[in-house]
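Trainee: Sharing a structure, written as structure tokens. Questions coming.
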Amino acid sequence: MAVQELKPGTWKIDAAHSVVGFSVRHMMVSKVRGRFERFDATLIVPEDPTKASVEATIDAGSINTDNGDRDNHIRSADFFETDSHPEFTFRSTGLEAKGEDFVLKGDLTIKKNTRPVELALEFNGSTVDPYGLDRAGFSATTTISRKEFGVDIEMPMDGGGVVVGDRINIEIDAEFTRQD
């Protein structure tokens, strides 16, 4: 499907049909996966959809790895410090075509540390739902260094390596509805 099928307007994320997830290496041998339960995003699409922009916020305290003790530890000063830094933000700075897909560039802020990131972006198509709403779907992935964002806890293991890896794989599946 071509991005030209994306109608101009303001689009809001449908959180009930979207996922903001991640994975990180654990004990050097496996990956822990998780997601954020609360987030918001607005997509602005002008007449030329390749000039679209997006702004998003993630409630850092809404982390869910299906382990309450681990989630509470991640919310603590060792990791996200959610009492002082309750949100992550993303603001796009550009969109480039890459074959049939795209690269979404933007600034990600975690714990007051802002860094440029590039997300591999796939436009999954658009449709009109049974209620007459325009819907569009996207998938995006990127990998960041948690240390670059001030999440720099070191937990070395006796035999070498660390308990929690530095590289965080981010996976987003987002469904938006057009508001106008």
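Trainee: Per residue, how much accessible area does the range 1-104 have with a 1.4 Å probe, in Å²? Walk me through the numbers on the way to the answer.
Mentor: Values: 5920 Å² over 104 residues.
Computed with neighbouring chains in place, this is 57 Å² per residue.
Trainee: Just one of [x] 9, 36, 32, 17, 5, 1; [y] 9, 37, 36, 15, 2, 0; [z] 8, 29, 24, 19, 12, 5, 2, 0 is P(r) over Cα pairs in 10 Å bins from 0, in percent as worked out from the coordinates here. Which one is it?
Mentor: Recomputing P(r) over Cα pairs in 10 Å bins from 0, in percent here picks out [x].
Trainee: Something else: Can you list which of the trypsin sites (Lys or Arg not before Pro) found in the range 92-180 are DSSP loop residues with at most 14 other C-beta atoms within 10 Å? Don't jump to the answer; show the numbers that get you there.
Mentor: Details: sites: 98, 105, 111, 112, 135, 146, 147, 167, 178; in loops: 111, 112.
Counting only loop positions with at most 14 other Cβ atoms within 10 Å, the trypsin sites (Lys or Arg not before Pro) in the range 92-180 are 112.
Trainee: Calculated from DSSP H runs of 4 or more alone, at -39500 (n - 2.57) each and per residue, what is the 222 nm mean residue ellipticity of the chain, nearest 500?
Mentor: On the way: 1 runs with 8 residues, N = 180.
Rounded to the nearest 500, the figure is -1000 deg cm²/dmol.
Trainee: Now a separate question. Pull up the cross-link candidates among the lysines for residue 105, meaning alpha carbon to alpha carbon under 18 Å and not fewer than 8 places away within one chain.
Mentor: 51
Trainee: Counting only protein heavy atoms, what percent of the accessible surface of the chain is carbon or sulfur at a 1.4 Å probe? Working shown, then result.
Mentor: Numbers: 4970 of 9990 Å².
Roughly 50 percent, rounded to a whole number.
Trainee: Go through 8, 113, 95 and say which Cα lies farthest out towards the positive end of the charge dipole of the chain; charges sit on Cβ, +1 for Lys and Arg, -1 for Asp and Glu.
Mentor: 113
Trainee: What order, most packed first, do the peptides 156-165, 66-75 have when packing is the mean number of other Cβ atoms within 10 Å of each residue?
Mentor: Working: 156-165: 11.5, 66-75: 13.8.
Going from most to least packed, we get 66-75, 156-165.
Trainee: Defining a contact as two alpha carbons under 8 Å apart and six or more residues distant in sequence, what relative contact order in percent does the chain show?
Mentor: Working: 432 pairs, mean separation 48.9, N = 180.
RCO, the chain: 27 percent.
Trainee: Still on this structure, I have one more. Evaluate Rg over Rh across the range 40-116, taking Cα atoms for both radii and Kirkwood's formula for Rh.
Mentor: Across the range 40-116, the Cα-based Rg/Rh ratio is 1.10.
Trainee: Among the chymotrypsin sites (Phe, Trp or Tyr not before Pro) in the range 110-180, which ones are in a DSSP loop with at most 14 other Cβ atoms within 10 Å of the Cβ? Mind listing them?
Mentor: On the way: sites: 123, 131, 138, 149, 176; in loops: 131.
Hits after loop and neighbour filter: 131.
Trainee: For the range 29-78, with the dipole built from +1 on Lys and Arg beta-carbon atoms and -1 on Asp and Glu ones, taken about the Cα centre, which of 50, 30, 77 lies farthest toward the positive end?
Mentor: The listed residue farthest towards the positive side: 30.
Trainee: Something else now. Given charges of +1 on the Cβ of Lys and Arg and -1 on the Cβ of Asp and Glu, with all other atoms neutral, how large is the dipole of the range 77-128 about its Cα centre, in debye to the nearest 20?
Mentor: On the way: 6 positive and 10 negative charges, 41 e Å.
That gives a dipole near 200 debye.
The values are calculated or read from the model by the stated rules, or taken from the named source; none is laboratory data. Worth saying up front: this structure is predicted, and the values here are computed from it rather than measured. Here the Cβ is made from the backbone with ideal geometry for all residues, glycine too, and neighbour counts use every protein chain on show. Side chains are part of the model used for accessible areas, which takes the heavy atoms of the whole protein and leaves out ligands, DNA and RNA. Shrake-Rupley method; radii C 1.70, N 1.55, O 1.52, S 1.80 Å.
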